[in-house]
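First the structure, in the form of structure tokens, and then the observations on it.
The values are calculated or read from the model by the stated rules, or taken from the named source; none is laboratory data. Since this is a predicted model, take the numbers as computed values, not measurements. Glycine also receives a Cβ, built like all others from the backbone with ideal geometry; neighbour counts cover every protein chain displayed.
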Amino acid sequence: MDTYDALLAAFGPQHWWPGETQLEIAVGAILTQNTSWTNVEKAIENLKQADMLDLARLRDVHPRTLARLIKPSGYFNIKAKRLKAFVDWTWEEFGGDLDAMFERDVRSLREDLLSVKGIGPETADSILLYAGGLPVFVVDAYTYRICRRHRLILEDATYDEIAEFFTDCLPEDVALYNEYHALLVVLGKTICKRRKPRCEVCPVRDLFDGAPELLEEDL
């Protein structure tokens, strides 16, 4: 919590995840794989202009048409298939009712989400946390990098081990998990960069023992 407080004081609230509806947030979580959010915003705007942010329309749209609309997000043919797989699953399991989907037990829902082709742990947890308001902690490359450098995790720690590290150390609070992940992302983007990190201005540098452990490829 000291780390969280320091990050919040340094960066302020991040107001994540951008999106007006549960569906828009879920779509964004799928489209943001391997691309920047700026590109995702363009793709989502295309979907809005085409009146496609609707589960029935996404179910019925031809994959090529969907791919064309989400082209700004990159890997658009693959992402169109992943998006269609998610949408088809929501219809098969919940009749296209996201509210019913998020009423499910979070553990079993997560397992089922992970069975959908193209939905990995980070995407599944982003959907659960940001669209569903369910208490899961999202782990991404920034989280791994920051924790590894400060020796909070082993270098070979798995996604689930890192997520469990946070949930074990924090109260179960959806708003806290939401804001914490967003703050770790901004720290990773602006200061704890993959190459040439700016450790001298890191807002949490004095909260850990010793200097961050940087590997040769970090320098």
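Could you identify the single residue in Asp140, Asp218, Asp206, Asp168 that is closer than 23 Å to Gly28 by Cβ and acidic (Asp, Glu)? Lay out the reasoning, then the answer.
Working: Asp218 fails: closer than 23 Å to Gly28 by Cβ; Asp206 fails: closer than 23 Å to Gly28 by Cβ; Asp168 fails: closer than 23 Å to Gly28 by Cβ.
On inspection, the qualifying residue turns out to be Asp140.
Could you list all residues from segment 1-33 that are modelled with pLDDT under 95 and of a type in the set (Gly, Ala, Ser)?
Passing the criteria: only Gly19.
Mind checking which helices (runs of 4 or more DSSP H) fall wholly inside segment 81-126 and carry at least 2 residues that are of a type in the set (S, T, N, Q)? Please lay out each step first, then the result.
Details: elements: 98-102, 106-114, 121-126.
Hits in segment 81-126: 121-126.
Counting just the residues of segment 119-165 that are among the aliphatic types (A, V, I, L, M) and touching a Ser or Thr at 6+ places or on another chain (Cβ under 7 Å), which one comes out surrounded by the most Cβ atoms within 10 Å (Cβ to Cβ)? Break it down into steps so the answer makes sense when it comes.
Our first condition is that a residue be among the aliphatic types (A, V, I, L, M); within segment 119-165, this holds for 119, 124, 127-129, 131, 134, 136, 138-139, 141, 146, 152-154, 157, 162-163.
With touching a Ser or Thr at 6+ places or on another chain (Cβ under 7 Å) added as a condition, the list becomes 138, 162.
Numbers: Val138: 28, Ile162: 21.
Among residues in segment 119-165 that are among the aliphatic types (A, V, I, L, M) and touching a Ser or Thr at 6+ places or on another chain (Cβ under 7 Å), the one surrounded by the most Cβ atoms within 10 Å (Cβ to Cβ) is Val138.
Where residues in segment 200-219 are surrounded by 14 or more Cβ atoms within 10 Å (Cβ to Cβ) and touching a Lys or Arg at 6+ places or on another chain (Cβ under 8 Å), which of them is nearest to Met1 (Cα to Cα)? Don't jump to the end; show me each part of the working.
Pass one, segment 200-219, residues surrounded by 14 or more Cβ atoms within 10 Å (Cβ to Cβ): 202-205, 208, 212, 218.
Right, trim to touching a Lys or Arg at 6+ places or on another chain (Cβ under 8 Å) and you get 208, 212, 218.
Details: Phe208: 13, Pro212: 19, Asp218: 27 Å.
Looking at residues that are surrounded by 14 or more Cβ atoms within 10 Å (Cβ to Cβ) and touching a Lys or Arg at 6+ places or on another chain (Cβ under 8 Å), I get Phe208.
Working only within segment 69-79, note down all residues that are in a helix (DSSP H, G or I) and under 18 Å from the mean Cα position of the chain (by Cα). Break it down stepwise before answering.
Initially, segment 69-79 is screened for residues in a helix (DSSP H, G or I), giving 69, 71-73, 76-79.
Once the filter is applied, which keeps residues that are in a helix (DSSP H, G or I) and under 18 Å from the mean Cα position of the chain (by Cα), segment 69-79 yields Ser73, Lys79.
Kindly indicate which of Arg110, Arg82, Arg59 is in contact (Cβ under 8 Å) with a residue 12 or more places away in the chain, within 29 Å of Gly188 (Cα to Cα), touching an Asp or Glu at 6+ places or on another chain (Cβ under 9 Å) and outside the structural domain of Asn178 (by TED's automatic domain parsing). Walk me through how you get there before you give the answer.
Details: Arg82 fails: touching an Asp or Glu at 6+ places or on another chain (Cβ under 9 Å); Arg59 fails: within 29 Å of Gly188 (Cα to Cα).
Exactly one of Arg110, Arg82, Arg59 is in contact (Cβ under 8 Å) with a residue 12 or more places away in the chain, within 29 Å of Gly188 (Cα to Cα), touching an Asp or Glu at 6+ places or on another chain (Cβ under 9 Å) and outside the structural domain of Asn178 (by TED's automatic domain parsing), namely Arg110.
Among the candidates Ala124, Ala131, Ala175, single out the residue that is of a type in the set (A, V, I, L, M) and in contact with a Lys or Arg (Cβ under 8 Å, 6 or more places away or on another chain).
Numbers: Ala131 fails: in contact with a Lys or Arg (Cβ under 8 Å, 6 or more places away or on another chain); Ala175 fails: in contact with a Lys or Arg (Cβ under 8 Å, 6 or more places away or on another chain).
Testing whether each residue is of a type in the set (A, V, I, L, M) and in contact with a Lys or Arg (Cβ under 8 Å, 6 or more places away or on another chain) leaves just Ala124.
Keeping to segment 168-178, report how many residues are over 24 Å from Thr35 (Cα atoms) and surrounded by 14 or more Cβ atoms within 10 Å (Cβ to Cβ).
Initially, segment 168-178 is screened for residues over 24 Å from Thr35 (Cα atoms), giving 168-176.
If we keep only those that are surrounded by 14 or more Cβ atoms within 10 Å (Cβ to Cβ) too, we end up with 170, 174, 176.
Within segment 168-178, residues that are over 24 Å from Thr35 (Cα atoms) and surrounded by 14 or more Cβ atoms within 10 Å (Cβ to Cβ) number 3.
Evaluate the following for Glu179: is it of a type outside the set (Gly, Ala, Ser), closer than 28 Å to Pro18 by Cβ and under 13 Å from the mean Cα position of the chain (by Cα)?
Numbers: of a type outside the set (Gly, Ala, Ser): yes; closer than 28 Å to Pro18 by Cβ: yes; under 13 Å from the mean Cα position of the chain (by Cα): yes.
Against the criterion (of a type outside the set (Gly, Ala, Ser), closer than 28 Å to Pro18 by Cβ and under 13 Å from the mean Cα position of the chain (by Cα)), Glu179 qualifies.
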